[in-house]
1. Against the condition in a helix (DSSP H, G or I) and open to solvent by less than 30 Å² (accessible area, probe 1.4 Å), how does B:Val170 come out, does it pass?
2. Just to check your reading of the model, which residue among C:Leu61, C:Leu48 is in contact with a helix residue (DSSP H, G or I) (Cβ under 9 Å, 6 or more places away or on another chain) and within 20 Å of B:Pro267 (Cα to Cα)?
3. Residues that are under 29 Å from D:Thr244 (Cβ atoms), more than 7 Å from every other protein chain (Cβ to nearest Cβ) and modelled with pLDDT of 95 or more: does the stretch D:91-107 have at least one?
4. For the stretch C:108-155, enumerate the residues that are farther than 11 Å from C:Asp207 by Cα and among the charged types (D, E, K, R).
5. Tell me which of these C:Ile35 doesn't satisfy, since it passes every other one: (1) in contact with a strand residue (DSSP E or B) (Cβ under 8 Å, 6 or more places away or on another chain); (2) under 30 Å from D:Ile202 (Cβ atoms).
6. Can you pull out every residue in the stretch D:221-256 that is within 11 Å of D:Ile78 (Cβ to Cβ) and acidic (Asp, Glu)?
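The values are calculated or read from the model by the stated rules, or taken from the named source; none is laboratory data. Keep in mind the model is a prediction, meaning the values are calculated, not measured. Positions of Cβ are backbone-derived with ideal geometry, glycine not excepted, and every protein chain shown enters the neighbour counts. Heads up: the accessible areas ignore ligands, DNA and RNA and are worked out on the full protein's heavy atoms, side chains in. Shrake-Rupley method; radii C 1.70, N 1.55, O 1.52, S 1.80 Å.
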Protein chains: 4
Amino acid sequence: MNETEQAVLDWWQTDIIEMRPGEIRYRGYPVEELIGNVSFAQMIWLMLRGELPGEGQARLLDIALMSAVDHGPQAPSIAVARMAATCGVGLNNALASAVNVLGDVHGGAGEQAMAFYLSIQQRQQQGIPLDQATKESLDSYFAEQGKFVPGFGHRFHPIDPRAPRLLAMVDEAAQSGVVSGEFAAIARQVEREIAHRKGKTIPMNIDGATAVIYAELGFPAPLARGLFCLSRSVGILAHAWEQTEQGGRNKGPVPRQYTWSYSGEAPRKVPGAE
Amino acid sequence: MNETEQAVLDWWQTDIIEMRPGEIRYRGYPVEELIGNVSFAQMIWLMLRGELPGEGQARLLDIALMSAVDHGPQAPSIAVARMAATCGVGLNNALASAVNVLGDVHGGAGEQAMAFYLSIQQRQQQGIPLDQATKESLDSYFAEQGKFVPGFGHRFHPIDPRAPRLLAMVDEAAQSGVVSGEFAAIARQVEREIAHRKGKTIPMNIDGATAVIYAELGFPAPLARGLFCLSRSVGILAHAWEQTEQGGRNKGPVPRQYTWSYSGEAPRKVPGAE
Amino acid sequence: MNETEQAVLDWWQTDIIEMRPGEIRYRGYPVEELIGNVSFAQMIWLMLRGELPGEGQARLLDIALMSAVDHGPQAPSIAVARMAATCGVGLNNALASAVNVLGDVHGGAGEQAMAFYLSIQQRQQQGIPLDQATKESLDSYFAEQGKFVPGFGHRFHPIDPRAPRLLAMVDEAAQSGVVSGEFAAIARQVEREIAHRKGKTIPMNIDGATAVIYAELGFPAPLARGLFCLSRSVGILAHAWEQTEQGGRNKGPVPRQYTWSYSGEAPRKVPGAE
Amino acid sequence: MNETEQAVLDWWQTDIIEMRPGEIRYRGYPVEELIGNVSFAQMIWLMLRGELPGEGQARLLDIALMSAVDHGPQAPSIAVARMAATCGVGLNNALASAVNVLGDVHGGAGEQAMAFYLSIQQRQQQGIPLDQATKESLDSYFAEQGKFVPGFGHRFHPIDPRAPRLLAMVDEAAQSGVVSGEFAAIARQVEREIAHRKGKTIPMNIDGATAVIYAELGFPAPLARGLFCLSRSVGILAHAWEQTEQGGRNKGPVPRQYTWSYSGEAPRKVPGAE
């Protein structure tokens, strides 16, 4: 192999997949052995983490993924998908436009909640007890970042029905030794401490709960967003497809008889126009 | 509710999700019951089809999804994801740019293979036997659409190691009555008939094999592409994440010492420039 | 240069840009000479066509580009841009999600209108007079493709105020010999013939009029869509930016007190759930 | 108008465009008067700023836009566009995937350079002389943000041929009173101060130079990125189109005989597989 060839091969260096004619291995495992022996959730774990998960770990990942697929057309991602589906583009394009908007605000709460939990864990690892560590992390958060703790409170649901159920799943997994349960404890302490400060409970939401799961499973925080994107892609696809079947062309955000309120300059002439 | 309100609500009409404060139902099922009782693959089915799948159906869908996650950085989708990850955008954006390119050529073979199988099935339903129906569909395909039958042959693998294994999974499911096996039979007949015409076997590839699964499970053809997008999103995410960890800024397609070959106009002056 | 190196360079072969350290040439012209001597519209032409346009050609291209920048938030592209801007993504991402939906239905009318004009021109070039050629093309269009001729009629404007003004610009350019005016004649004949068949005028819209300009200027039909994307990107950017300044988080399609109408399954239990 | 109707209209409130059947106004100006009297660059200004620019201002904006259209296929945006064009998606989709990657690293240098200039201007406005203000802003930048000042230095060009030419255009505009020239002075002082500290000149690049123009013209910093996206869209479109005409299917980053270097796990068996 000459130097150029090596430089080109090295430019696209990866640990994930190895390929030769007739042969495909992911993380060392031949694809034909993975098929039928490893579930979609296990495969997702293998691709992202490099090793196969235990059964309990895979189950918990599967649960987090299936729980966040959709929150209806009020979510910009879902509305974008449905609108795109009426514009004459492919399902892949509708997916892309929609997943694209899962940014810091619409898709980042899980990642942010997880980063927040990890800051508490770090304090604990320095010997600070949970309640004190939580106080310090909250103090620091409120001082520097904002007034809403990511993963807690919901603008629509007084109690997000997904969160307590997901926490129960984590407890179950902790009891059987699949995970330690430390992040469930951290999250609950955060909820308690916020309630103490605000004088009312701001209950954990789906992002706060899936962040517990991803943290318990040892994913790095940015993948909380990545995994949420995989999950929400399901709802995006379902809505794009339903809209395709409903038909419609150039679906705007509101029925056609309504436009928008205009608040700009009164009518005026272009200087120089006749 | 006034007329405007009704018009607005109706504009975003859906069968998929129902929501009230504190309550989320998908296709009628409350989310807190789905969590822990229904797998990610089952949830994908429920969202797209409206009903929960049987266990065997869910297993087969899961297998199709896990089998197509990645084909390495030579695939434009994967290369795009890795390049995007070095440009200062989020993982959601890297996913979007990459999923976006799963168009007719890069992501459409499954959908096209399935449409082709369905054309054979339609002929069978009119009483034409399988071998004759296959001949007719191939004749019509070669006359109108192209010389490569979608789902057969691979530019890299002499035999795609995923295809025979996936077919074996379909056979297993057919033996236990989960699916009929008719599309496996159709696909094998297509392979035989192509071999007969070309004088050599052009073996089924991953797209031809997953199309068999999606057809056996009763998905409409366009969802073969939609489901492939969900599947490939896993590899896209894994590569975007690996690239993020490797670092790099503005990763071009080849190492920086190489540019491109220029074949245009020789150097010339702009008319009017000094 | 070794063989690998050559293969790599050739893989990215282009006529558009030549580069050496300290030197950039587009289509042969050095960038430092282009700057200050060539307008944005001329540069767009040079990049797409390979040669610099005449002044009158550049002016007409400039007019087509400036005329289609925006049609308000009822257009899916504009609504998507504004929603994206509230999701925590960059302006580049908001642009991408929005430009992405300029598909066959939302962004393809100009390309389709131009293809239709070209079909009439082809008939003329075979010696068929304009009125007869128009009839034949319309017959063939109605038989094969649809009932609405692309580029004519508007769901909101009884008369699209942009179209007659753009046609006047083409006439002016034709009078001064910049263009031939043949596509303006074709488009007007199409309008007349449709009016004759339907018993009422279906007036030319912006897409029909810009298609005339792009055809007069000799662009291939697919670039009518490409150029529309450049044009509409301006409105998309302006709306994304205005929304950014207005603020808002996760802007859905309608105010938060409204959701959507649900038409699916009545509430039901998950089989097997407690 | 009932309350719901008002709420819906207000949800999409804008100063940019007003529309009634047969009537379109941008910022108060009727579209039919704008067409033919206002150039594409003037229209871009009007859409983003709310008022029409003077002739000299429009010329400078036009220059900045035309100068940054393309930097060849080594730029991820251009490579992505060309790859996308071979995947069976529309030109709008190729544009979207490519513009999408103009993130903080690939498309943000102009915005960052402008923010840096503005920090110096702010110090000047507090009475600190230019050389001292520049020193303080550089000190603060090196302490907090990084070692490379955005807008200076280029990994490929020893001297970016676009930058001095663009600065000359600003000087010309300053001499005729179109702009003040203060940001040209700031940028030159930054270049001098960096040279003084590093012992060698790190010359201004295209991003540093267009940031001068956008700052002189009074655009807010985030629009430096927005305008760059409009500009680069031209090159993206040209390359996507050239690739379309060249043909190719599923163009990967390197010729097909090369794959990538694999650095992961050695071949291994899936536990539980036969």
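1. Answer is yes for this residue.
2. Answer to the check: C:Leu48.
3. yes
4. Result: C:Arg123, C:Asp131, C:Lys135, C:Glu136, C:Asp139, C:Glu144, C:Lys147, C:Arg155.
5. Unmet condition: (1).
6. Hit for the stretch D:221-256 is D:Glu242, nothing else.
Let's see how each residue does on (1) out of contact with any Asp or Glu (no Cβ under 7 Å at 6 or more places or on another chain); (2) open to solvent by 10 Å² or more (accessible area, probe 1.4 Å):
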residue	(1), (2)
B:Leu34	yes, no
B:Ala41	no, no
B:Glu51	yes, yes
B:Arg59	yes, yes
B:Ala64	yes, no
B:His71	yes, yes
B:Ala84	yes, no
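For every residue, the table says whether it meets (1) of a type in the set (Phe, Trp, Tyr); (2) modelled with pLDDT of 95 or more; (3) open to solvent by 40 Å² or more (accessible area, probe 1.4 Å); (4) within 20 Å of the chain's Cα centre (by Cα).
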site: B:Thr201; (1), (2), (3), (4): no, yes, yes, no
site: B:Ile206; (1), (2), (3), (4): no, yes, no, yes
site: B:Val212; (1), (2), (3), (4): no, yes, no, yes
site: B:Cys229; (1), (2), (3), (4): no, yes, no, yes
site: B:Gln243; (1), (2), (3), (4): no, yes, no, no
site: B:Ser261; (1), (2), (3), (4): no, no, no, no
